[in-house]
Amino acid sequence: MKGFRIILLCMAALAVLSASQACRREPEPQRDFYSEVKSVRKLVLARMCVTKMASVDDIDPSKAENLREMAEGILDAVKPGARKAVYSYDTTLQAYIDLSELSRDDVVVDPQARTVTVTLPPVKVEVSGRDAGIREEHYRVTGLRSNINAAERAQIKERMSRALSSEIESRPAFRERLEAEARIKAESWLTALLGGDGDFTVNVRFRNRPGAL
C-alpha cells in the first residue's frame, strides 16, 4: 500500500507540473491577414484573347483616297488573275487587382465571430500582349497579279492594331466579362487563403472604381 501511495503522489506531482507548464505556455500569435493578402502585390485573375481579321483586296478606283491608289486600282482591274489574302492578329487582355493599394483598414478581423472582411481595390484591365506578327489565314494570287509584299503586310498589321484598340476601348463587353470573372476568382482565392479549413468566414467586397486599359 505504501508503494501504491508513492506512485499516486508521483502521478499527482506530474499532473501539477504539466498544468503549470500549460499555464505558462504563450498564446498562439495572431495571424496577420493583411500582410498575407498584400504580399501577393499584383494578382492576375483572368485573361482574354481578342482576334481581329482583315483582308487584302484590290483597290476600288471609286474609293481611292489619292491619285496613286486610283492608278493602282485601274491597273489592277485590267490585269488577269485574282489577288486575295486574309490575315489575323491577336491582342491579349488581362484582369488584375493591384494589392499594393490595399490598406490595413481594408482588412477587418472579428475574432469573436471568426470572420475576416476584405475590401479589395477595383479590378483593372490592361493589354498584356500583342502578336509580334500577323497570321496568314488565306492566300491566293493567280495570273499576272503581284504577290503581297512586306510593306503591305506591315500596313495591314498597323490597320488591324488600330482597329482592335478602338474596338476594345469602345465596347465595354470585353472589360465587363473580364471584371466579372476576376471578381469570382478573387473571392475563391481569398476564401482559400484566409479561411483555412473553415476557421474563418471570409467576406469579400470591392471598391467601386472602374479599371482602365
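The values are calculated or read from the model by the stated rules, or taken from the named source; none is laboratory data. A quick note: this is a predicted structure, and the numbers were derived from the prediction, not measured. Please note: Cβ atoms are built from the backbone with ideal geometry, for glycine as well, and neighbour counts cover all protein chains shown. Side chains included, ligands, DNA and RNA excluded: accessible areas come from the protein's heavy atoms. Shrake-Rupley method; radii C 1.70, N 1.55, O 1.52, S 1.80 Å.
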Tell me whether the range 144-156 contains one or more residues that are open to solvent by 70 Å² or more (accessible area, probe 1.4 Å), part of a loop (DSSP other than H, G, I, E, B) and free of Cβ contacts under 8 Å to residues at least 60 places away in the same chain. yes
Restricted to the range 197-213 and to residues being open to solvent by less than 50 Å² (accessible area, probe 1.4 Å) and not β-branched (V, I, T), the residue modelled with the lowest pLDDT is G211
Which one of these does P121 not meet: (1) modelled with pLDDT of 90 or more; (2) open to solvent by 70 Å² or more (accessible area, probe 1.4 Å)? (2)
Is it true that some residue in the range 87-105 is at pLDDT below 65 and either open to solvent by less than 50 Å² (accessible area, probe 1.4 Å) or of a type in the set (V, I, T) (or both)? no
I'm checking my understanding of the structure. Among residues of the range 99-136 that are outside any helix (DSSP H, G or I) and acidic (D, E), which one is nearest to R177 (Cα to Cα)? E126
Take the range 170-186 and flag every residue that is open to solvent by 90 Å² or more (accessible area, probe 1.4 Å), in contact (Cβ under 8 Å) with a residue 24 or more places away in the chain and either within 9 Å of A95 (Cα to Cα) or not in a helix (DSSP H, G or I) (or both). none
